[in-house]
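Working notes, structure below.
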Amino acid sequence: MSSVTLDRWTAAQASELAYWRGLDLREILRICAEKPDFLALLDESTQRGLFDGKEVLEIGCGPLGLSLVSFSRHKAGLRRLVKAEPLPRLPIAETRLNQDAWAAPFLAWVETLAAEGEYVQTSGEDLGFEAAFDTVVTYNVLDHVRAPLPLLRNAWRALRPGGRLLVGVDCLSVVGRWRFEMVTRRTHKGHTVVEAHPHTFLPDHVARLIEGAGFRMTGRHGEPSRLRGLIGKHSRPAFLADKP
Ligand SMILES: C[S@@+](CC[C@H](N)C(=O)[O-])C[C@H]1O[C@@H](n2cnc3c(N)ncnc32)[C@H](O)[C@@H]1O
């Protein structure tokens, strides 16, 4: 899967920032709800192995700073959480959610989660960590980046030997991807759905990328059936791999 130009990625990030600034209550509820849904693809012992007593790096946590890890009950045992994100940190008060004063207790809880760990403003392609983490997470990010493979190579470099990678990424069906690339890119040019997604994947593309970055695949969860993988809606499987 190839890289896109810096200009294309910069346009994607502008669209991304507009999306986050325009967040409403319905969308933030969805963003929060989908994370435990995704984590539920992994059993308790897998989540414990990823997070409990571990130093964890998340690449692309979003400008609110809401980590996937914050939605796992096993975060209680975390030793360190670093959240890398290219967009500047965006407080909820600077989004459209500031109009939803009646939801203040919920939004205050979201801010508490968003404050967990350390927020580092950098893109995954520019990460400089070397053997500093036990786990790297990248959730709903790979189809938004400039260069997926270099980013995964940096994830590999950031891990200690034996460290684990958890990837969640939207995957299309064969027909869905063809339609997106051939039709939607033209009919929805200028819309977030196109602008913020420089890449589209099938599940096998993601697995090849992960292995291409030097990882050993250890698990694939939540993949569609053969038929759905051919003509169905998108899915967001969990890919688990380790650094040998
Ligand atoms: C759809 S959002 C998902 C955010 C968060 N993971 C979540 O699920 O709520 C995609 C995120 O990827 C980030 N991103 C885009 N390019 C990136 C890159 N090169 N390195 C790291 N993150 C990137 C965007 O800034 C954005 O925050």
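Read-outs: derived from the displayed coordinates by stated rules, not from any lab. If you're wondering where the values come from, they're calculated on a predicted model, not measured in any experiment. We place every Cβ from the backbone using ideal geometry, glycine too, and count neighbours over all the protein chains shown.
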By how many nm would the segment from Val4 to Arg89 lengthen if fully extended, with 0.36 nm per residue of separation less the alpha-carbon distance? 28.2 nm
Suppose a student asked you for the relative contact order of the range 6-242, using Cα pairs under 8 Å spaced at least 6 residues apart; what percent would you report? 21
Please return the longest stretch of the chain lacking exposed loop sites, where trypsin sites (Lys or Arg not before Pro) count only if DSSP places them in a loop and at most 12 other Cβ atoms lie within 10 Å. 80-188
Euclidean distance between Cα centres, the range 19-43 to the range 81-107, Å: 13
quick note, the range 6-242, DSSP beta bridge pairs, % antiparallel (nearest 5) is 40
Projected onto the charge dipole of the chain (unit charges on the beta-carbon of Lys, Arg, Asp and Glu, signs +1, +1, -1, -1), the Cα from Pro36, Pro105, Val175 with the largest positive-side position is that of Val175
How big, on average over all directions, is the shadow cast by the Cα convex hull of the chain, in nm²? 12.5
Could you run the Karplus curve 6.51 cos²θ - 1.76 cosθ + 1.60 with θ = phi - 60° over the range 70-82 and give me ³J(HN,Hα) per residue in whole Hz, x for Gly and Pro? 5, 9, 9, 5, 7, 5, 4, x, 4, 8, 7, 10, 10
In deg cm²/dmol, rounded to the nearest 500, the helical mean residue ellipticity at 222 nm of the chain, built from -39500 (n - 2.57) for every DSSP H run of length 4 or more, is -10500 deg cm²/dmol
Just for the Cα atoms in the range 67-186, what are the lengths along the principal axes, largest first, rounded to whole Å? 43, 43, 26
All lysines inside 17 Å of Lys243 as judged from Cα atoms, apart from same-chain residues fewer than 8 positions distant: Lys54
For every other residue with a beta carbon closer than 11 angstrom to the beta carbon of Leu23, add +1 if it is Lys or Arg and -1 if Asp or Glu, then tell me the sum. 0
Contour excess over end-to-end distance, with Cα ends at Asp242 and Glu27 and 0.36 nm allotted per residue: 74.1 nm
